[in-house]
Amino acid sequence: EPDRRWADVRLTPPTHRIDRATTLYLGGRVVELRPQPEAHTDTDLVVFLPAERVWILGDLVEESGPVMYGSGSFPLGWPDVLDALVDEMQPDDVVVPGHGQVVDRAFVARQAGELRLVADRFRAAHAEGLTAEQALAAHHDWPIPADGLTGAVVRAYAQLDGAR
């Protein structure tokens, strides 16, 4: 977003690092903070309320539009993270995405499937020696608009080439 005044932004570092599952007791409510493997970013954190069966997934799931692969995303690992979360969810669990309306387990499973298709196609294209541009042109039925995958394919190729 080049039109933003990023020089005016002051980042405040976290005061408490969450590098493993942490349980909080807040006013009689149990809240679990669960850091995730690299997916949407390398700092994804899930908040889970076990008694209420509510999952707050942030941008790991997006309902209001297509998934956004940012410059810090990990397209190859993202589907695995969602699949692991889906495995823990019950059908009636409430899932709060980073953007959009509340969803359910089935929605998260569908989005994981879409991300898996993208990741599998990137792996196959890389193995075939296709350029990132060729990888995107190889399919016309992407589950996410192809123009939103440009950065994702570059990130995936970097991961496959061993770069972080």
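The values are calculated or read from the model by the stated rules, or taken from the named source; none is laboratory data. Model, not experiment: these values are computed from the prediction. Cβ sites come from the backbone with ideal geometry, for glycine too, and all protein chains shown count toward neighbours. The area values use the complete protein model at the heavy-atom level, side chains included, leaving out ligands, DNA and RNA. Shrake-Rupley method; radii C 1.70, N 1.55, O 1.52, S 1.80 Å.
Exactly one residue among PRO37, PRO14, PRO79 is farther than 28 Å from ILE144 by Cα and either in a strand (DSSP E or B) or not small (Gly, Ala, Ser) (or both), and that residue is PRO14. Based on this model, can you work out whether VAL95 counts as farther than 21 Å from TRP142 by Cβ and surrounded by 18 or more Cβ atoms within 10 Å (Cβ to Cβ)? Yes: the conditions hold for VAL95. Checking ARG121, ARG116 one by one, the residue that is open to solvent by less than 50 Å² (accessible area, probe 1.4 Å), basic (Lys, Arg) and touching a residue at least 12 places away in the same chain (Cβ under 8 Å) is ARG121 and no other. Scanning the stretch 50-64 for residues that are at negative phi and part of a loop (DSSP other than H, G, I, E, B), which turns out least open to solvent (accessible area, probe 1.4 Å)? Looking at residues that are at negative phi and part of a loop (DSSP other than H, G, I, E, B), I get PRO50. For the stretch 124-141, enumerate the residues that are of a type in the set (Val, Ile, Thr) and buried (at least 16 other Cβ atoms within 10 Å of the Cβ). If the condition is that a residue be of a type in the set (Val, Ile, Thr) and buried (at least 16 other Cβ atoms within 10 Å of the Cβ), then no residue fits. Take the conditions surrounded by 12 or more Cβ atoms within 10 Å (Cβ to Cβ) and part of a strand (DSSP E or B) and apply them to VAL47. Does it pass? Yes; evaluated as a whole, the condition is true for this residue. Could you grab me the full set of residues in the stretch 140-162 that are under 19 Å from GLY129 (Cα atoms), of a type in the set (Gly, Ala, Ser) and within 17 Å of the chain's Cα centre (by Cα)? Within the stretch 140-162, GLY151, ALA152, ALA156 meet the criteria. Sub-7 Å Cβ pairs linking a first residue in the stretch 144-162 that is part of a loop (DSSP other than H, G, I, E, B) to a second residue that is surrounded by fewer than 16 Cβ atoms within 10 Å (Cβ to Cβ) and not hydrophobic (A, V, I, L, M, F, W, C), at least 6 apart or interchain, are ILE144/PRO66; PRO145/PRO66, ordered by first then second residue. Quick one: is GLN90 polar (S, T, N, Q), touching a Lys or Arg at 6+ places or on another chain (Cβ under 8 Å) and open to solvent by 50 Å² or more (accessible area, probe 1.4 Å)? Yes, satisfied.
In this entry, LEU136 passes the filter for residues that are touching a helix residue (DSSP H, G or I) at 6+ places or on another chain (Cβ under 8 Å) and not in a loop (DSSP other than H, G, I, E, B). Taken over the stretch 70-85, the criterion of being crowded, with 20+ Cβ neighbours inside 10 Å and either of a type outside the set (Gly, Ala, Ser) or touching a Phe, Trp or Tyr at 6+ places or on another chain (Cβ under 8 Å) (or both) is satisfied by PHE74, PRO75, LEU76, TRP78, PRO79, VAL81, LEU82, LEU85. Within the stretch 1-29, residues that are acidic (Asp, Glu) have Cβ atoms under 9 Å from residues that are surrounded by 10 or more Cβ atoms within 10 Å (Cβ to Cβ) in these pairs: ASP19/PRO35, counting only partners at least 6 apart in sequence or on another chain.
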